[in-house]
Structures are given as structure tokens and as C-alpha cells.
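Since the structure comes first, as C-alpha cells, the remarks are kept for the end.
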Amino acid sequence: QVTLAESGGGLVQPGGSLRLSCAASTGIFSTYTMAWYRQAPGEQRELVARIFSGGSLNYADSVKGRFTISRDNAKKTVYLQMNSLKPEDTAVYYCYAYRSGYTYWGQGTQVTVSS
């Protein structure tokens with residue numbers, strides 16, 4: 001069983017930045033694929049960014065060049081640096097972990113981009 005705890009959400013003005021963190025309670029964090037998803041009201045949950053155990057990265061087209069996913073295996077934490085935020089980035093952001101057919105989700109953290 002893996003527990004994921006997100007932090008770092010909040011209210012930010014358009015053009016601002018936030019950094020989300022997700023701490024995992026597993027001793028083999030480095031072997032997990034980690035990702036951030038988001039879900040806006042009335043919308044389906046969508047992949048924002050993903051980082052594989054070997055370090056390869058994927059991003060949604062809508063966030064390329066603005067968001068950066070990274071991981072610190074020693075701290076068992078994955079990060080999402082979000083720059084140049086737009087109102088359409090407003091959503092609940094969820095941390096996700098995958099390994100060997102097992103998936104785990106965090107509780108989510110709200111990000112609101114508004115003036």
C-alpha cells in the first residue's frame with residue numbers, strides 16, 4: 001500500500017507560479033512511475049505530466065513549456081513546478097503512482113488561477 005500526500009495548492013493570479021509536492025510512503029519510490037493529473041469541474045481527469053523511474057518525461061500539450069515535473073528519490077517526493085499559470089489551469093491536481101499493475105492516487109490539492 002502506498003500513501004500519497006499532496007501539498008502546495010492555492011490561489012494564484014494569472015501569470016503566477018506554484019509548486020506542488022507529493023510525498024510517498026513507500027520504500028521503493030524510485031521504481032514507481034509518478035504523475036500529476038488534474039480535474040476541472042465538469043471535466044474528466046486528465047494527465048498533466050508523468051515521470052518514469054528511468055527519468056523519461058511526458059507532458060500534456062496544454063502545459064508544455066510552462067510546467068516541469070521532477071522527482072527526488074531520496075525524499076520520495078515528486079514535484080510539479082507550474083509557471084505562467086492561466087485561468088484554465090484551475091483544477092484539483094492529483095498525484096498518481098504506478099508500479100507492476102498497481103495504481104495509487106492522492107487526495108488532491110486545489111489550484112485556482114484567478115485575478
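Each Lys and Arg adds +1 at its Cβ and each Asp and Glu adds -1 at its Cβ; summed about the Cα centre, segment 5-115 shows a dipole of about 300 debye.
With θ taken as phi - 60° and the Karplus curve 6.51 cos²θ - 1.76 cosθ + 1.60 applied, the whole-hertz 3J(HN,Hα) list for segment 37-51 is 10, 9, 9, 8, x, x, 10, 7, 5, 10, 6, 9, 7, 9, 10 Hz, x standing for glycine and proline.
How much FRET efficiency would the formula 1/(1 + (r/R0)^6) give for residue 114 and residue 25, where r is the Cβ-Cβ distance and R0 is 35 Å, rounded to 0.05?
Computed FRET efficiency for residue 114 and residue 25 comes out at 0.60.
Evaluating 6.51 cos²θ - 1.76 cosθ + 1.60 at θ = phi - 60° for every residue in segment 9-24, the Karplus couplings come out as x, x, 9, 9, 7, x, x, x, 10, 9, 10, 8, 10, 9, 9, 10 Hz, glycine and proline recorded as x. Computed in the context of the full set of protein chains, the accessible area of segment 30-70 at 1.4 Å probe radius has 44% of its extent on carbon or sulfur. Taking the Cα centre of segment 1-88 as the origin and placing charges on Cβ (Lys, Arg +1; Asp, Glu -1), which of 35, 15, 74 is farthest toward the positive end of the dipole? Value: 74. A simple spin-label model places pseudo-atoms 7 Å from Cα toward Cβ; at residue 40 and residue 5 they are separated by 3.1 nm. Put the Cα centre of segment 31-101 next to the Cα centre of segment 1-15 and the gap is 11 Å.
Extension gain for residue 60 to residue 99 (0.36 nm times residue separation, less C-alpha to C-alpha distance): 11.9 nm.
The values are calculated or read from the model by the stated rules, or taken from the named source; none is laboratory data. Predicted, not measured: the structure shown is a model, and the values here were computed from it. Neighbour counts are summed over all protein chains in view; Cβ atoms, including those assigned to glycine, are modelled from backbone coordinates with ideal geometry. SASA here: full protein model, heavy atoms, side chains in, ligands and nucleic acids out. Shrake-Rupley method; radii C 1.70, N 1.55, O 1.52, S 1.80 Å.
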